[in-house]
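Notes follow the structure.
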Amino acid sequence: WETTPFPFETNVTMRAQIQAVINDPASRVGMWYIADEVGGVAWVPKLQRASKYFHDMDDNHPTFSLTAGDHDCAPGADIYAFDCYPRYYGGTGLVTRTSDTTAEAYKRVGSFQPIIVVPQAFGESPKQPTEKPEHVRAMSYLAVVRGAKGMFWYCWKQTGDWTGDARQGMGWNPPTAEVVKKVIAEYK
């Protein structure tokens, strides 16, 4: 589907913007996020190309990419991250899917590549069943028990709900925000 790769290596504006971040003494860069929700082995060379691009400018920070649980993409970056939303868009899947997917990721990528898990933390919507605060806590700890080396909570305020009508997204759900804050404090 792609005949010509995006020429980011020759994009002068992009390189200048990245270099400005690198040169900023107050920079808070911990990792370079190179792709969002990619899937399939065809992405691995593209991710490796992007990873190399960042390492050529900054070898002090790792790259990471995020998939929706497609572990075939893991070799594309230094750190592999995946999101796991078992109770999204009205689904009522088991929160144990988080631990199962984390365990499967380590079977596929081995113990040499760190894994970051991204559980959903949108909050419960009155218009469709999603996760409750206790589900967020459970998914967070299930991922850690299975070996996750990092955690990002996908808080996506609106999830398409810009008006607040559906009340979905952490910004509309203070109980979910409180649970995430508590879990972060407990992790520390």
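The values are calculated or read from the model by the stated rules, or taken from the named source; none is laboratory data. If you're wondering where the values come from, they're calculated on a predicted model, not measured in any experiment. Methodologically, a virtual Cβ is constructed for each residue, glycine included, from the backbone with ideal geometry; neighbour enumeration extends over all protein chains shown. Calculation scope for accessible area: heavy atoms of the full protein, side chains included, ligands and nucleic acids excluded. Shrake-Rupley method; radii C 1.70, N 1.55, O 1.52, S 1.80 Å.
A few points about this structure:
- Listed by first and then second residue, the pairs with beta-carbon distance under 6 Å, at least 6 apart or on different chains, first residue in region 117-145 and within 12 Å of Pro86 (Cβ to Cβ), second surrounded by fewer than 20 Cβ atoms within 10 Å (Cβ to Cβ) and of a type in the set (S, T, N, Q), are Pro129/Thr92.
- Qualifying residue in region 171-182 (condition: more than 30 Å from Trp32 (Cβ to Cβ) and among the hydrophobic types (A, V, I, L, M, F, W, C)): yes
- Residue tally, condition out of contact with any Pro (no Cβ under 7 Å at 6 or more places or on another chain) and closer than 14 Å to Ile79 by Cα, over region 7-36: 6
- The residue list Glu186, Glu178, Glu104 contains one member that is outside any loop (DSSP other than H, G, I, E, B), under 25 Å from Trp43 (Cβ atoms) and of a type in the set (Asp, Glu), which is Glu104.
- Of all residues in region 24-39, those satisfying the criterion of being open to solvent by 40 Å² or more (accessible area, probe 1.4 Å) and either part of a strand (DSSP E or B) or touching a His at 6+ places or on another chain (Cβ under 7 Å) (or both) are Gly30, Met31, Tyr33, Asp36, Glu37.
- Unique match (being part of a strand (DSSP E or B), open to solvent by less than 40 Å² (accessible area, probe 1.4 Å) and hydroxyl-bearing (Ser, Thr, Tyr)) among Ser99, Ser51, Ser65: Ser65
- Residue within region 79-87 that is surrounded by 13 or more Cβ atoms within 10 Å (Cβ to Cβ), modelled with pLDDT of 90 or more and hydroxyl-bearing (Ser, Thr, Tyr) present: yes
- Some residue of region 1-10 being in contact (Cβ under 8 Å) with a residue 12 or more places away in the chain, among the hydroxyl-bearing types (Ser, Thr, Tyr) and not in a helix (DSSP H, G or I): no
- Candidate set from region 118-157 (those that are within 17 Å of the chain's Cα centre (by Cα) and over 22 Å from Thr92 (Cβ atoms)); member that is surrounded by the most Cβ atoms within 10 Å (Cβ to Cβ): Ala148
- Verdict on Gly110 being closer than 22 Å to Gly39 by Cα, among the small types (Gly, Ala, Ser), without any contact (Cβ under 8 Å) to a residue 12 or more places away in the chain and open to solvent by less than 30 Å² (accessible area, probe 1.4 Å): yes
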